[in-house]
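Worksheet for the structure shown next.
The values are calculated or read from the model by the stated rules, or taken from the named source; none is laboratory data. Given the structure is predicted, the values throughout are model-derived calculations rather than measurements. Glycine gets a Cβ as well: all are built from the backbone with ideal geometry, and neighbour counts include every protein chain shown. Heavy atoms of the whole protein, side chains included, go into the accessibility calculation; ligands, DNA and RNA do not. Shrake-Rupley method; radii C 1.70, N 1.55, O 1.52, S 1.80 Å.
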Amino acid sequence: MYLLGEQPAYADRLINRLQGIPAQLLYGLAPSGDPIELGSTGDIAAQLPEQQVFLVQRGLLHARVDERPLFYLREGDLLGLRQGIELPTCHYCSDEPITLIPYARRAVFEHIHADEQRQELFTQYLIGHTALLSDALARLKQPEIRPTTGFQYFAEGEELIRQGDEADNVFIIIEGHAEAIVDGQKVGDVQRDEIFGAMAVFTQEKRSASVVASTACTVMVIPKDQFLGLMQNNPRIAHSLIESMARRIDLLNKEVTQSRLPMTA
C-alpha cells in the first residue's frame, strides 16, 4: 500500500514490511483460478467475481473513498478484504494493465485461521494498515490530536508503559526492543512486531507491568477504541490474539516460578 503524498521514513519502513505479509499468508494455498489480466479501468469491482480475494501481482490500483483519492495498492497487496463490512464505498481504478491472482475468500480465512503464525501475521497486517491511515490523517489535522494515534519514539531506558497507569492504547514495536518489568523485576522481553498492552485494554484494569525500552524504539500506537473495534469486527483475529496472550502469560508464569525456586548445590 502506498499513501498519497509524502510520508515519514517510519511509514515507508512499515509499508515495506507489510508488503511481504500477504505472500506469507497465502503460502501453501492454491489460487482459485488463472491470473486475471485487466487493462485500464475506472471501476475494477465491476469486472471481478464476488467472494474472492486477489493478490496484486502486477500494476498499480488507485483507491478512492467517496471519490477522494486515498491510497494505492501495488504488487503484493491484497484486494477484496472489505467485502461483507458496512464501510464507506471504496472504488479501485487503474491507468495501466494489472494482473490479479484470485483466491476463494472463505478458503483464505480458513487457511489463515488454521495456523497460529498466520493468524498473528494477519493481525499485524490489519493493525499496520489501520495505523498507517490513522497516522496519515493525524498529520493532516491540527497538532493537538497527533499524540493520540500513529507512532511514538522512545530512547533507551524510557518507559513505554508504566505499571499502574490507565490503559488507553495498544502498542506494537516497529523498531527496537523492550523489557517487561513487574515491581522492579524483569519478567520478559518485548520483541519487534509484538503486540503489547492489550491485556489491560481487554480487562479494563490498570497496567500490570511496565515496559521499558532496552534500545531506542519506534512504537506504533493504536487507541483503545480503535483496537477494540478492530477486534469486534474480526472475531477470529481477536481469538488468535487472546490465545497468543495466554501463551505469553503461561511462559511468564513459568519463568517467574523458576526464578523463585531455591538454588541447589
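Restricting to segment 186-200, what's the tally of residues that are touching a residue at least 60 places away in the same chain (Cβ under 8 Å) and either of a type in the set (Val, Ile, Thr) or more than 22 Å from residue 120 (Cα to Cα) (or both)?
Start the filter on segment 186-200 by keeping residues that are touching a residue at least 60 places away in the same chain (Cβ under 8 Å), which leaves 187-188, 193, 195.
With the extra rule that they be either of a type in the set (Val, Ile, Thr) or more than 22 Å from residue 120 (Cα to Cα) (or both), the set shrinks to 187, 195.
Counting residues in segment 186-200 that are touching a residue at least 60 places away in the same chain (Cβ under 8 Å) and either of a type in the set (Val, Ile, Thr) or more than 22 Å from residue 120 (Cα to Cα) (or both) gives 2.
Can you pull out every residue in segment 29-38 that is part of a loop (DSSP other than H, G, I, E, B) and open to solvent by less than 40 Å² (accessible area, probe 1.4 Å)?
Quick first cut of segment 29-38, residues part of a loop (DSSP other than H, G, I, E, B) only: 29-35.
Within segment 29-38, 29, 33 qualify.
Could you please find all residues in segment 39-63 being surrounded by fewer than 16 Cβ atoms within 10 Å (Cβ to Cβ) and either free of Cβ contacts under 8 Å to residues at least 12 places away in the same chain or assigned to a strand (DSSP E or B) (or both)? Within segment 39-63, 46, 47, 57, 58 qualify. Applying a threshold of 7 Å to beta carbon distances and a minimum spacing of six or more residues, or different chains, the list of pairs starting in segment 160-181 at a residue that is in contact (Cβ under 8 Å) with a residue 60 or more places away in the chain and ending at one that is open to solvent by less than 40 Å² (accessible area, probe 1.4 Å) and aliphatic (A, V, I, L, M) reads 174/14; 174/219; 174/220; 180/187; 180/190; 180/209; 180/211.
Answer yes or no: is there a residue in segment 227-237 that is surrounded by 12 or more Cβ atoms within 10 Å (Cβ to Cβ), farther than 27 Å from residue 155 by Cα, at pLDDT below 80 and among the basic types (Lys, Arg). Spell out the reasoning first.
The first filter runs over segment 227-237 and keeps only residues surrounded by 12 or more Cβ atoms within 10 Å (Cβ to Cβ), leaving 227-231, 233-234, 236-237.
Applying the additional criterion that residues be farther than 27 Å from residue 155 by Cα yields 228-231, 233-234, 236-237.
Add one more test, that the residue is at pLDDT below 80, and what stays is 228-231, 233-234, 236-237.
This time we only want the ones that are among the basic types (Lys, Arg), so: 236.
Within segment 227-237 (the criterion being surrounded by 12 or more Cβ atoms within 10 Å (Cβ to Cβ), farther than 27 Å from residue 155 by Cα, at pLDDT below 80 and among the basic types (Lys, Arg)), the answer is yes, since at least one residue qualifies.
Would you confirm, using the coordinates I've provided, whether residue 15 is under 27 Å from residue 172 (Cα atoms), within 22 Å of the chain's Cα centre (by Cα), open to solvent by less than 70 Å² (accessible area, probe 1.4 Å) and at pLDDT below 85? Explain how you work it out, then say what you get.
Details: under 27 Å from residue 172 (Cα atoms): yes; within 22 Å of the chain's Cα centre (by Cα): yes; open to solvent by less than 70 Å² (accessible area, probe 1.4 Å): yes; at pLDDT below 85: yes.
For residue 15, the condition - under 27 Å from residue 172 (Cα atoms), within 22 Å of the chain's Cα centre (by Cα), open to solvent by less than 70 Å² (accessible area, probe 1.4 Å) and at pLDDT below 85 - is met.
The residues in segment 64-105 that are surrounded by fewer than 12 Cβ atoms within 10 Å (Cβ to Cβ) and either modelled with pLDDT of 90 or more or assigned to a strand (DSSP E or B) (or both) can be counted, and the count is 1. Residues that are open to solvent by less than 30 Å² (accessible area, probe 1.4 Å) and closer than 23 Å to residue 151 by Cβ number at least 3 in the following strands (runs of 3 or more DSSP E) confined to segment 175-223: 210-213, 217-223.
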